[in-house]
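J.: Handing you this structure, nothing more for now.
The values are calculated or read from the model by the stated rules, or taken from the named source; none is laboratory data. Keep in mind that this is a model prediction, so the values were computed, not measured. Neighbour counts run over all protein chains shown; Cβ positions are idealised from the backbone, glycine included. The protein model used for the area step is the full one, side chains on, heavy atoms only, and it has no ligands, DNA or RNA in it. Shrake-Rupley method; radii C 1.70, N 1.55, O 1.52, S 1.80 Å.
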Amino acid sequence: MNSQQPIASLKGLKRSFTQGDQTIEVLRGVDLQIMPGEIVALLGPSGSGKSTMLQAVGLLEGGFQGSIAIAGTEASKLPADGRTKIRREHLGFVYQFHHLLPDFNALENVVMPQMVAGSARAKADVRAQRLLESLGLGHRLTHRPSQLSGGEQQRVAVARALANRPTLVLADEPTGNLDEATADTVLSQFLELVRGEGSAALVATHNERLAARMDRVVRLHEGVLE
């Protein structure tokens, strides 16, 4: 992919929902480009449509109007297997809640997505350990999620999102369930790791202070970006 080509390009993105006899327009024509390696904060209050927009970029559900191009491929009209291929090859996800597999330890949770993508176990182990060590979890590799603190669980989720070297990481309030001090630590490590890996990121947050630490801030207001 040309380094000057956006890793993600949204044009005229719209999404509405029907409740009874009312139509609620959540996204009313969103335009956004994210360049390779760029970390963009998507700022807006709860209920402003940030999660809906991330679901669109992540090709996680249909019902959208407009154009969504990922890594130069127009993805919005692709069949399900085509969208799955783009997600597997280009996207990583971090959610507000970690969604780790409870019966597997930290290392195994980061190994799993690599093996699903076709990586050999030995190679996946090495990558998972390196990522977790870079997040300060080298001493917690064999601990299951229930044995980890909230901040540690979220750092494992960050490592998992980066495991397959995505070109774009989508993070939805990744520190929303953490206290302020832990949130600062996790965000610092997240930003350092994403930059070190050379990935781009779109990070939804309602926290102005955290958003200011990213490369660029866009604001979602009444269904459009400001």
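J.: Restrict the check to the stretch 5-25 and report whether at least one residue is open to solvent by 50 Å² or more (accessible area, probe 1.4 Å) and aromatic (Phe, Trp, Tyr).
T.: yes
J.: Please go through the stretch 63-109 and give me each residue that is small (Gly, Ala, Ser) and either open to solvent by 60 Å² or more (accessible area, probe 1.4 Å) or over 22 Å from residue 201 (Cα atoms) (or both), ordered by number.
T.: Scanning the stretch 63-109 gives 63, 80, 106.
J.: Among the residues of the stretch 39-78, write down those that are among the polar types (S, T, N, Q) and either within 22 Å of residue 191 (Cα to Cα) or touching a residue at least 40 places away in the same chain (Cβ under 8 Å) (or both).
T.: Across the stretch 39-78, the qualifying residues are 46, 48, 51, 55, 65, 67.
J.: For residue 130, only one of the following conditions fails: (1) more than 23 Å from the chain's Cα centre (by Cα); (2) surrounded by fewer than 18 Cβ atoms within 10 Å (Cβ to Cβ); (3) closer than 18 Å to residue 190 by Cα; (4) of a type outside the set (A, V, I, L, M). What is its number?
T.: Exception for residue 130: condition (1).
J.: Here's something else I'd like to know. Is the stretch 101-114 home to any residue that is among the small types (Gly, Ala, Ser) and either in contact with a strand residue (DSSP E or B) (Cβ under 7 Å, 6 or more places away or on another chain) or under 23 Å from residue 197 (Cβ atoms) (or both)? Even if it seems obvious, please write down each step before you answer.
T.: Within the stretch 101-114, the first condition is being among the small types (Gly, Ala, Ser), and the residues that meet it are 106.
Narrowing the set further to residues that are either in contact with a strand residue (DSSP E or B) (Cβ under 7 Å, 6 or more places away or on another chain) or under 23 Å from residue 197 (Cβ atoms) (or both) leaves 106.
Checking the stretch 101-114: at least one residue is among the small types (Gly, Ala, Ser) and either in contact with a strand residue (DSSP E or B) (Cβ under 7 Å, 6 or more places away or on another chain) or under 23 Å from residue 197 (Cβ atoms) (or both).
J.: Further question: State yes or no: is residue 152 out of contact with any helix residue (DSSP H, G or I) (no Cβ under 7 Å at 6 or more places or on another chain) and acidic (Asp, Glu)? Quick ask: steps written out before the conclusion?
T.: Details: out of contact with any helix residue (DSSP H, G or I) (no Cβ under 7 Å at 6 or more places or on another chain): no; acidic (Asp, Glu): yes.
Answer is no for this residue.
J.: To continue, here is another question. Residues that are modelled with pLDDT under 90 and farther than 30 Å from residue 15 by Cα: which helices (runs of 4 or more DSSP H) entirely in the stretch 65-181 hold 2 or more of them?
T.: It comes to 150-162.
J.: A further question follows. Are any residues in the stretch 191-206 in contact (Cβ under 8 Å) with a residue 60 or more places away in the chain and either assigned to a helix (DSSP H, G or I) or surrounded by fewer than 17 Cβ atoms within 10 Å (Cβ to Cβ) (or both), and if so, which ones?
T.: Taking the stretch 191-206 as the starting set, the residues that turn out to be in contact (Cβ under 8 Å) with a residue 60 or more places away in the chain are 191, 193-196, 198-206.
Selection gives 191, 193, 194, 195, 196, 198, 206.
J.: Still on this model: May I ask you to list the residues in the stretch 7-63 that are among the β-branched types (Val, Ile, Thr) and not in a loop (DSSP other than H, G, I, E, B)?
T.: 18, 23, 24, 26, 30, 34, 39, 40, 52, 57
J.: Any idea which of (1) in contact (Cβ under 8 Å) with a residue 60 or more places away in the chain; (2) over 15 Å from the mean Cα position of the chain (by Cα) is the one residue 81 doesn't satisfy?
T.: (1)
J.: Could you tell me which of the residues 41, 56, 124 is more than 16 Å from the chain's Cα centre (by Cα) and open to solvent by less than 60 Å² (accessible area, probe 1.4 Å)?
T.: Among 41, 56, 124, only 124 is more than 16 Å from the chain's Cα centre (by Cα) and open to solvent by less than 60 Å² (accessible area, probe 1.4 Å).
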